[in-house]
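Following: one structure in structure tokens, then a few remarks.
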Amino acid sequence: MTASLFDDALLEAPADKRDLPIEEGQLALWYPLFTSSEADTLFTRLSETLAWTQDEMKIAGKVIPIPRLQAWYGDDNSHYGYSGISLPPINWTEELRYIKQKIEAITQQPYNSVLANYYRDGNDSVSWHQDNEPELGHNPVIASLSLGATRQFQLRHIARKHSTIKLNLPHNALLLMSGETQKNWQHQIPKTKKAVGPRINLTFRLIYS
Ligand SMILES: O=C(O)CCC(=O)C(=O)O
């Protein structure tokens, strides 16, 4: 299966929930999530106020800066880590708390932490991975809000790598990954040669301590 679910016409779709087709997983999209002026203000406020850092990963003994900025916010006990990066939580900001409440109400799920990613331009990316660290528990629910430039989000099935899904995630879209998605699929935001502006992505998670 190869699907390209969004073209410009679909970006105009109304705000209600759409379940997206995926085998052995669950994907849903709400678009737009906030009013357009609210989303624009949130993008500016988050750009200016979050503690954006370029962390480093160790790959084959080499220390490499990750190709994006990130910041981890959450409740006191929501310590998270991946690929040798350790992320103690920073206390919720007013905007993050507001967004979390809205997303909890709309997805009917609790979250105690958020990984914020800042993609400065098309050279920034996140490579193939699953959000399946043990602290996320069995079948993690990941609520992912996109603000700013549209970037392509790709999924590939772990056992059948030719099975891919491509979604353009626009400003103000909320994607929910749940069920067995993290067990059966990897996801990435590839680099792009297109001239794209900055994008913020917030992935809300529930960490079990
Ligand atoms: O930026 C995105 O849409 C995806 C971010 C992501 O994959 C992650 O934080 O695990």
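Can you list the strands (runs of 3 or more DSSP E) found entirely within region 48-117 that contain at least 1 residues being away from the ligand (no atom under 15 Å from the Cβ) and surrounded by fewer than 18 Cβ atoms within 10 Å (Cβ to Cβ)?
Filter on region 48-117 gives 56-59, 62-65, 85-87.
Give me a count of the residues in region 64-87 that are more than 17 Å from the chain's Cα centre (by Cα) and under 22 Å from Gly122 (Cα atoms).
So the answer is 2.
Whether any residue in region 26-44 is in a strand (DSSP E or B) and aromatic (Phe, Trp, Tyr) is what I want to check.
Yes.
Restricting the first residue to region 194-206 and requiring it to be closer than 12 Å to Lys100 by Cβ, which pairs with a second residue that is away from the ligand (no atom under 13 Å from the Cβ) and not in a loop (DSSP other than H, G, I, E, B) meet a Cβ separation below 7 Å and a spacing of at least six or different chains?
Going by the 7 Å Cβ cut-off, the qualifying pairs are Leu202/Ile99; Phe204/Lys100; Phe204/Ile103.
Among the residues of region 180-204, which ones are within 9 Å of the ligand (Cβ to nearest atom) and in contact with a helix residue (DSSP H, G or I) (Cβ under 6 Å, 6 or more places away or on another chain)?
Selection gives Ile200 alone.
If you take the residues of region 143-170 that are hydrophobic (A, V, I, L, M, F, W, C) and over 18 Å from Glu23 (Cβ atoms), which of them is surrounded by the fewest Cβ atoms within 10 Å (Cβ to Cβ)?
So the first thing to find is which residues in region 143-170 are hydrophobic (A, V, I, L, M, F, W, C), and the list is 143, 145, 147, 149, 153, 155, 158-159, 165, 167, 169.
In the following step, the residues that additionally are over 18 Å from Glu23 (Cβ atoms) were identified as 143, 145, 147, 149, 169.
Details: Ala143: 25, Leu145: 27, Leu147: 24, Ala149: 21, Leu169: 23.
Looking at residues that are hydrophobic (A, V, I, L, M, F, W, C) and over 18 Å from Glu23 (Cβ atoms), I get Ala149.
Which of the residues that make up region 154-179 are of a type in the set (S, T, N, Q), within 13 Å of the ligand (Cβ to nearest atom) and either touching a Lys or Arg at 6+ places or on another chain (Cβ under 7 Å) or modelled with pLDDT under 95 (or both)?
Gln154
Between a residue in region 118-135 that is among the basic types (Lys, Arg) and any residue that is assigned to a loop (DSSP other than H, G, I, E, B) and modelled with pLDDT of 95 or more, which pairs come within a Cβ distance under 8 Å, given they are 6 or more apart or on different chains?
From region 118-135, the pairs are Arg120/Arg68; Arg120/Pro198.
Considering only region 51-62, state which residues are of a type outside the set (D, E, K, R) and at pLDDT below 90.
Passing the criteria: Met57, Ile59, Ala60, Gly61.
Starting from residues that are in contact (Cβ under 8 Å) with a residue 24 or more places away in the chain and of a type in the set (D, E, K, R), keep the ones in region 41-67 and report whichever is nearest to Asn117 (Cα to Cα).
For region 41-67, the residue satisfying everything is Asp55.
The values are calculated or read from the model by the stated rules, or taken from the named source; none is laboratory data. Keep in mind the model is a prediction, meaning the values are calculated, not measured. Using ideal geometry, Cβ is built from the backbone for each residue, glycine included, and neighbour counts are taken over all protein chains shown.
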